[in-house]
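The values are calculated or read from the model by the stated rules, or taken from the named source; none is laboratory data. Note that the coordinates shown come from a computational prediction; the quantities given were computed from them, not determined experimentally. Here the Cβ positions follow ideal geometry from the backbone for every residue, glycine too, while neighbour counts run over all protein chains shown. Areas reflect the complete protein model, heavy atoms only, side chains present, ligands, DNA and RNA absent. Shrake-Rupley method; radii C 1.70, N 1.55, O 1.52, S 1.80 Å.
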Amino acid sequence: MHVQAIDIKSKNINDMIQKVQKGLPVRSFEKLGKKLGVSDTLLSRILNIPMRTLTRRKHQGRLNAEESEKVLRIAKLYDKALDVFEDEGATEKWLKEPARGLGGDIPLEYARTELGAREVEKLLSRIEYGVFPG
């Protein structure tokens, strides 16, 4: 298993779970922000990680398990969108612009919760198979 957006590799799902429970490195957050083309401030808002907490984590070097799970959720969404659009620029653009399939909401904003992320994932699958326009 490889999460391209944050360059985290695991042998299997159990290994990934252990990495999340241990806490992903803060650089995962930073890599994700670069892939998405968003500031730390915006990404922290999307992930619901206060900037003060993020500053503390940068000194510690690791996110906690809950924060790691949030980073992983958005990173996997980025990877799915990249599979669908096959272009980093198109992926970044789609994730940050209103999507008809989400009632005009912005996919990154919609994915602030696990439930929302699943809906964005479903929309990406429909786009991938030509069932619904983005």
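Scan region 31-42 and give yes if some residue there is more than 18 Å from residue 107 (Cβ to Cβ) and open to solvent by less than 10 Å² (accessible area, probe 1.4 Å), otherwise no. The answer is no; no qualifying residue exists.
Considering region 23-39 alone, what residues qualify as being more than 13 Å from the chain's Cα centre (by Cα) and at negative phi? Working first, answer last.
If we filter region 23-39 for residues that are more than 13 Å from the chain's Cα centre (by Cα), which is where we start, we get 23-27, 39.
Passing the criteria: 24, 25, 26, 27, 39.
Residue count for region 3-22, restricted to those that are in a strand (DSSP E or B) and among the charged types (D, E, K, R): 1.
With the structure loaded, tell me whether residue 73 is among the basic types (Lys, Arg) and touching a strand residue (DSSP E or B) at 6+ places or on another chain (Cβ under 8 Å) or whether it fails that test. Quick ask: steps written out before the conclusion?
Details: among the basic types (Lys, Arg): yes; touching a strand residue (DSSP E or B) at 6+ places or on another chain (Cβ under 8 Å): no.
For residue 73, the condition - among the basic types (Lys, Arg) and touching a strand residue (DSSP E or B) at 6+ places or on another chain (Cβ under 8 Å) - is not met.
Could you go through region 22-42 and let me know if any residue there is β-branched (Val, Ile, Thr) and within 23 Å of residue 125 (Cα to Cα). Full working, then the answer.
Of region 22-42, the ones β-branched (Val, Ile, Thr) are 26, 38, 41.
If we keep only those that are within 23 Å of residue 125 (Cα to Cα) too, we end up with none.
No; the residues of region 22-42 include none that is β-branched (Val, Ile, Thr) and within 23 Å of residue 125 (Cα to Cα).
Summed over region 8-30, residues that are under 12 Å from residue 71 (Cα atoms) and open to solvent by 80 Å² or more (accessible area, probe 1.4 Å) total 1.
A single entry from 45, 56, 73 fulfils the requirement of being within 10 Å of the chain's Cα centre (by Cα) and in a helix (DSSP H, G or I): 73. Among residues of region 103-121 that are basic (Lys, Arg), those with a beta-carbon under 8 Å from a residue that is part of a loop (DSSP other than H, G, I, E, B) and open to solvent by 60 Å² or more (accessible area, probe 1.4 Å) at least six positions away or on a different chain give the pairs 112/48.
If you go through region 43-64 and keep only what is of a type in the set (Lys, Arg), touching a helix residue (DSSP H, G or I) at 6+ places or on another chain (Cβ under 8 Å) and open to solvent by 80 Å² or more (accessible area, probe 1.4 Å), you end up with 58, 62. On the stretch given as region 86-134, residues that are part of a helix (DSSP H, G or I), of a type in the set (Gly, Ala, Ser) and within 15 Å of the chain's Cα centre (by Cα) total 2.
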